[in-house]
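The values are calculated or read from the model by the stated rules, or taken from the named source; none is laboratory data. As the structure is a computational prediction, the values presented were derived from the model and not from experiment. Please note: Cβ atoms are built from the backbone with ideal geometry, for glycine as well, and neighbour counts cover all protein chains shown. Quick note on the areas: whole protein, heavy atoms, side chains included, nothing else; ligands and nucleic acids left out. Shrake-Rupley method; radii C 1.70, N 1.55, O 1.52, S 1.80 Å.
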Amino acid sequence: MGKSKEIFDEKYIKALPTDSSIQKKVEKKQEIEEEKSDSEPVKYIISKPTRKVIKAKIVHD
Amino acid sequence: MIKVESKKEKRICQGDIFKDIEHVEYALEEESNVEISKINFPLVIVLTQDCDLAQDYKYRIEEPSTNNQDKFLISVIVAPLYNVEHIYMGEHLSEIGLKMQNINKDKSPGQILRKNKNPRYHYLDFPKNIPIASSIIDFKHYFTVNVNYLLEHKSKKFICKVSELYREDISQRFASFLSRIGLPPFKK
C-alpha cells in the first residue's frame, strides 16, 4: 500500500508541470498575444464634438 | 477603402485630416465682460482647393512679399468627420445638444450613405494602419479655420492626408453639394 502510494505520488509529481515549464508556456502565450495585438491595429472611435463657453472679465489698468 | 498618406508636409494640403480643431461659435464683449463659445471637433478634413493652399504658403512663408498679399487666404475650409455608428443613430452631435436624423444602417438609407450616393455626406473607410474608425464627412457642417492657426498646430494635430484621387472625389462632391439648387415644389 505504501509502495503503491509512493509510485502513484512519484508518477503524479512527474506529470505535474514544473515551474520553469509553466513559465515558458506563459511567456510563449504572451508572445503570441503581443504579436496578435501588433498585427491587429487599434481603431479609435471618433469622439463627439464638445462645446466650451469661456467667460472672462477684462481688467483695465 | 480610401488611400491615405502619413507623411507630413510643411504646408496645409487639401485632404489633410487634423484632430481637435476648435470652431468659435461666437465671441461677445459687453461692458468688460467677454464670452466666447467654442466647439471642439475631434477630426476635420481640409476642403480648400490645393492650389490656393500652395499659393498661400508660397507667398506667406516661402517667398513673403512686402508688395502685396494678394494670394493670401483669410481662412481654410474644413468639414467635420463623424463616427459612422453615431451618424446612423443621429447622436453624433449629442454632446452639443443637437439631435440629428436617424439613418437605418441595414436598409437603403444606410447603403446609399456608404456608396456615397447621398450628396450631403461622404463615407470614408480607412486602411488598417490608420487608427481611425469608419467615418462620415458632413458637407453641411463645413466651417473655416484661420490659416495661421492650422499652420501653427500642424505638427501636433496632423493625422494623415487623403491621397490625391480620393481627395479630389471628396472635393468634387463638396462643390456639387454647395452649388446644388433646391427647386420649390411644383403647385398645380
Take B:K8 and decide whether it is assigned to a loop (DSSP other than H, G, I, E, B), of a type in the set (D, E, K, R), in contact with a strand residue (DSSP E or B) (Cβ under 8 Å, 6 or more places away or on another chain) and away from chain A (no Cβ under 13 Å). yes
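Quick one: how many residues across the range B:44-82 are farther than 22 Å from B:S163 by Cβ and either touching a strand residue (DSSP E or B) at 6+ places or on another chain (Cβ under 9 Å) or within 14 Å of chain A (Cβ to nearest Cβ) (or both)?
Filtering the range B:44-82 for residues farther than 22 Å from B:S163 by Cβ gives B:58-75.
Right, trim to either touching a strand residue (DSSP E or B) at 6+ places or on another chain (Cβ under 9 Å) or within 14 Å of chain A (Cβ to nearest Cβ) (or both) and you get B:74-75.
Qualifying residue count, the range B:44-82: 2.
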For the range B:54-72, check the following and say yes or no: at least one residue is open to solvent by less than 40 Å² (accessible area, probe 1.4 Å) and touching a Pro at 6+ places or on another chain (Cβ under 7 Å). no
Every residue in the range B:109-124 that is in a helix (DSSP H, G or I) and open to solvent by less than 70 Å² (accessible area, probe 1.4 Å), please. B:P109, B:G110, B:L113
Just give me the residues in the range B:83-99 being more than 10 Å from chain A (Cβ to nearest Cβ), of a type outside the set (A, V, I, L, M) and open to solvent by 40 Å² or more (accessible area, probe 1.4 Å), in sequence order. B:K99
